[in-house]
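The block underneath contains the structure these notes are about, expressed in C-alpha cells.
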C-alpha cells in the first residue's frame with residue numbers, strides 16, 4: 001500500500017504564527033501516525049510580497065518545532081512552466097478568457113450593479129466578476145493584448161460547470177458548519193475566478209492543484225478558511241484530469257476579538273514566542289495539541 005503524502009505550504013510573505021504552527025503540526029503528526037510522507041512547499045508566486053528572509057525564517061521555525069520534511073523543497077517560482085501547461089490545457093478547452101478591467105474599474109462596475117440591487121459575492125465575501133469580457137470576440141481582444149494592456153485570465157465558470165456537473169469531495173475533517181463526509185461542490189458560487197495574470201502565469205487556485213498532483217499529495221490538511229475554495233480546486237482537478245485527494249479541513253485559531261490570526265499579529269508570532277523562551281512543547285499546548 002502506498003503511504004499517504006501530506007504537505008505544508010506556507011507563503012514567505014511574513015513570519016509564521018501560531019495558526020501556521022497548528023496546521024504544520026497537524027500535518028506532521030498525521031504523517032507520523034499513518035506512516036506517510038510530509039512535504040514542504042514554498043508558495044512564492046507573489047514576487048512583490050515574498051522575501052528570502054521570510055523563507056529562511058520558515059525553515060528555522062519549523063525545525064525549532066521539531067518538524068521534519070522531505071527535500072528538496074518545491075518552490076513555486078521555479079516551476080512556472082508547469083502552470084503554463086495547465087493553463088494552456090484549459091484554454092484549449094475554451095474555458096479561459098482575458099479580462100482587461102483594472103481593480104478600480106471592477107469596483108465601479110460592482111457599485112453600478114449594486115445600485116440596482118444586491119450583487120452576488122463569493123464565499124470569501126468578494127463580489128463576483130461583473131464585467132463582460134467573456135463576450136469579446138477574438139478580433140476585439142487581439143488589439144488590446146497587442147497594445148500591452150494588463151489583463152487577468154479568468155475561468156469561464158458556467159462553461160466549466162457544464163463539463164463537471166455533480167462534483168463532490170471526501171471531507172475527513174469538517175467545514176465551518178460541521179460539513180463532513182461526501183460534500184457537494186459549488187464552484188458556481190465563485191464566478192469567473194482568476195487563473196493567471198499577464199505578468200504572473202498562475203494564481204493560487206491553479207498552482208495549488210497542479211502542485212498537489214505533481215507532488216502526489218493524497219491527503220490535504222488545511223484550515224477551514226479554504227474549505228469553500230475546495231469547490232474550485234475540485235473543478236480544476238477534473239478539468240485537468242488530476243487525481244482527487246482526501247481533504248481534512250481544521251478549525252482556525254483566533255485572537256481575542258475572534259479574528260483569524262494573521263502574520264501582522266506579533267503576539268502570536270513564532271519568532272516572538274521563541275524569543276520569550278516559549279518551548280516547542282508550550283506551542284503544542286497553546287494550539288491545543290497537548
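Bear in mind that the values in this text are calculations on the coordinates, not laboratory data. Since the structure is predicted, the reported quantities are computational estimates derived from the model, not experimental observations. Note: ideal-geometry Cβ built from the backbone for every residue, glycine included; neighbour counts use all protein chains shown.
So the values come out like this:
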quantity	calculated
Extension gain, residue 75 back to residue 93 (0.36 nm per residue minus Cα-Cα distance, nm)	3.7 nm
Within segment 224-260, backbone nitrogen closer than 14 Å to the virtual label 7 Å beyond the Cα of residue 276 toward Cβ	255-256
Per residue convex hull volume, Cα atoms of segment 40-126, in Å³	182 Å³
Relative contact order [Cα under 8 Å, 6+ residues apart], the chain, whole percent	23 percent
Segment 79-251 - Rg (one decimal) and Dmax (whole number), Cα, Å	16.7, 49
On Cα atoms only, tilt of 103-114 relative to the major axis of the chain in degrees	70 degrees
Gaussian network model of the chain, springs between alpha carbon atoms under 10 Å - residue of 249, 228, 79 with greatest fluctuation	79
Segment residue 107-residue 226, length gained on full extension (0.36 nm per residue, minus Cα span)	40.4 nm
Efficiency of FRET between residue 255 and residue 161 - r from beta-carbon atoms, R0 45 angstrom, step 0.05	0.75
Most fluctuating residue given options 214, 153, 62, as computed from a GNM of the chain linking Cα atoms under 10 Å	214
Per-q log10 I(q)/I(0), segment 114-164, q = 0.14, 0.27, 0.28, 0.32 Å⁻¹ (Debye; single scatterer per alpha-carbon; no solvent)	-0.55, -1.12, -1.14, -1.24
Using alpha-carbon coordinates, inclination of helix 18-34 to the longest axis of the chain, degrees	80 degrees
Cα long-axis angle, helix 230-240 against the chain (0 to 90 degrees, to the nearest 10)	60 degrees
